[in-house]
1. In the stretch A:134-176, how many residues are open to solvent by less than 80 Å² (accessible area, probe 1.4 Å) and part of a helix (DSSP H, G or I)?
2. Which of the residues spanning the stretch A:71-106 are in contact with a Lys or Arg (Cβ under 7 Å, 6 or more places away or on another chain), open to solvent by 10 Å² or more (accessible area, probe 1.4 Å) and aliphatic (A, V, I, L, M)?
3. Anything in the stretch A:240-280 that is open to solvent by less than 30 Å² (accessible area, probe 1.4 Å) and of a type in the set (Phe, Trp, Tyr)? List them, or say none.
4. Would you mind stating whether residue A:207 is among the basic types (Lys, Arg) and either without any contact (Cβ under 8 Å) to a residue 40 or more places away in the chain or open to solvent by less than 20 Å² (accessible area, probe 1.4 Å) (or both)?
5. For the stretch B:204-232, what are the residues that are closer than 25 Å to residue A:35 by Cβ, in contact with a strand residue (DSSP E or B) (Cβ under 6 Å, 6 or more places away or on another chain) and not in a loop (DSSP other than H, G, I, E, B)?
6. Name the residue, out of B:107, B:25, that is at pLDDT 95 or above, in a loop (DSSP other than H, G, I, E, B) and over 13 Å from residue B:196 (Cβ atoms).
7. Of everything in the stretch A:116-133 that's outside any loop (DSSP other than H, G, I, E, B) and not aliphatic (A, V, I, L, M), which residue is most open to solvent (accessible area, probe 1.4 Å)?
Number of protein chains: 2
Amino acid sequence: MAAQRKSLIVVALGGNAISRADQEGNVSEQFENSRHTARALAELIQEGHQLVITHGNGPQIGNFLLRNEAAAGLIYPLPMEVAVAHVQGGMGFMIGQTLTNELHAHGRREIVTTIITTVLVDRDDPSFANPTKPVGRVFAKGEAAKYAKSEGWAMKEISPGQFRRVVPSPLPRHIMEIDTIRRAVAAGETIIACGGGGIPVIRDPHKGLMGTAAVIDKDLASALLAAELEADTMMILTAVDRVSINFGKPEERTLETMTVAEAKRWLAEGQFPAGSMGPKIQGAVDFLEASKKPHAAVVIGPLEHAADALAGRVGTRIARH
Amino acid sequence: MAAQRKSLIVVALGGNAISRADQEGNVSEQFENSRHTARALAELIQEGHQLVITHGNGPQIGNFLLRNEAAAGLIYPLPMEVAVAHVQGGMGFMIGQTLTNELHAHGRREIVTTIITTVLVDRDDPSFANPTKPVGRVFAKGEAAKYAKSEGWAMKEISPGQFRRVVPSPLPRHIMEIDTIRRAVAAGETIIACGGGGIPVIRDPHKGLMGTAAVIDKDLASALLAAELEADTMMILTAVDRVSINFGKPEERTLETMTVAEAKRWLAEGQFPAGSMGPKIQGAVDFLEASKKPHAAVVIGPLEHAADALAGRVGTRIARH
């Protein structure tokens, strides 16, 4: 199967693939959104491409932490990294099932499978000393101080009087389950991996691998996965039609293409906000610099027009030159 | 690797592998218990056997449902089958990491990997009309009636004035991700699959595969997995030293060996209680009747002496003749 594929694409699904801001976000809404996403992904597969799918988990982790909090005192909480592992299972089940059903509706027979993925980070990643990634709900000052004391959480004032817990966002160094993923991909399977950026683990010299309360950026993890799998293309599917520079200014320019050199220059200029377009462009640079394939490319484009984005009709295409 | 293995063993871990009745059951206790379990499993791997690991999820699902309940009104609940998917991720991460660390401590390099597993059940399985598997906490009569009405749950009086939710326990028919599992096993990997008996799915003629609020017995799912993988041995690791008949009676007899014919006769006599030893013996019969390997065997024995049980020094060995 793998030999006949047109190309191998690592597809990173953004938050809008499963959760929409105008919904409560409950499970039936998530399944409904997931079915829409599956249609866009199935179109790529029907065109002959092989997909490895990654996804974010922000809203789901937020809700997981809310359940933890609501049940405090009644039942033990699940730590951040264990929550990420749970949500990989839950979201992988949902995305896998809806995509499998969409493929079966086209007469195909494959089963889209989720592999629980841990991602090694450096113990001395600078982010551990400077946590910046907000997780969970907004707290008032008094609550924030209480949790900072009882749980040891780092808290950050995100707007006056409003606090959120922040966790480190270390760089992904190695995808621990890469051999399993690689073999499944070589056999032609459609695999879901690295959900939520992967479960962050450090290597302790005495205790071995250990989960750590952190969040790995899913676009950076996807870039590492794409490089390790020698993918032809990384697609970052999101809500925007194209990447812009000078966003919101008179000289704003939307981009159909971008080179790695331009991407690096604009990243250095601060053109792309941290936590949204920034890591997507950084992931694109990471993948293209690591890839050995001369034609490797990154496409950032709208989820609902994934096939058009791959063909260059919408979205922004980033390549070496 | 696979060609050099001594044998392929599907190991079904019972509740005591992760949770102990004398503990609260919090995450650090679960990791500690999981490390003990990992030592027993690593001994089998060090002896040259290849393992595929399955596990129960009773306490974890119970606690998951408690969190749902505590957060009711605040955040949407996760349905039963989605809870099973989450717990496969969380427990797979824990068991995988502790076993990986134990193997690395022996100088090995493999990464134990978890595959999210859905298991097909028949839409017309008789258990859907007669749910019997208790899940979640005990309710007083008034609460039970309230949830029966608001959630449509089937409730059962398990002792006077004490009610629990009961869900169907349909028979496992097909492991949907079997091709992925089989390929990983053929490559020599140690895989965790079918957690909690697998996520139960039915095939709807219009909607395709759909999760369903049910619990598949983990020993029966393990038997199906062992048969599909053409395992040499299925080990059911639990708290007992050996299987007994006439349990608690003067004529009680503990068994070192059992044939399939004896197992079937004693099952028909009601020697083995439903929900504990019953499904273990039924799983043994299912595997041995489905297996094409003449030397296939089932070992039921104590987790902490897994290697001794495999060697026949403790536990009960069930074989065709």
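1. 7
2. Correct list: A:75 only.
3. Those that are open to solvent by less than 30 Å² (accessible area, probe 1.4 Å) and of a type in the set (Phe, Trp, Tyr): A:266, A:272.
4. yes
5. B:204, B:209, B:210, B:211, listed by residue number.
6. Going through B:107, B:25 in turn, just one is at pLDDT 95 or above, in a loop (DSSP other than H, G, I, E, B) and over 13 Å from residue B:196 (Cβ atoms): B:107.
7. Selected residue: A:126.
This table checks each residue for (1) touching a residue at least 24 places away in the same chain (Cβ under 8 Å); (2) not assigned by TED's automatic domain parsing to the domain that holds residue A:191.
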{"site": "A:4", "(1), (2)": "yes, no"}
{"site": "A:26", "(1), (2)": "no, yes"}
{"site": "A:51", "(1), (2)": "yes, no"}
{"site": "A:55", "(1), (2)": "yes, no"}
{"site": "A:66", "(1), (2)": "yes, no"}
{"site": "A:71", "(1), (2)": "no, no"}
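The values are calculated or read from the model by the stated rules, or taken from the named source; none is laboratory data. The structure displayed is predicted, hence computed values, not measured ones. Cβ atoms come from the backbone with ideal geometry, glycine included; neighbour counts cover every protein chain shown. We work out accessible area using only protein heavy atoms, side chains counted, and drop any ligands, DNA or RNA first. Shrake-Rupley method; radii C 1.70, N 1.55, O 1.52, S 1.80 Å.
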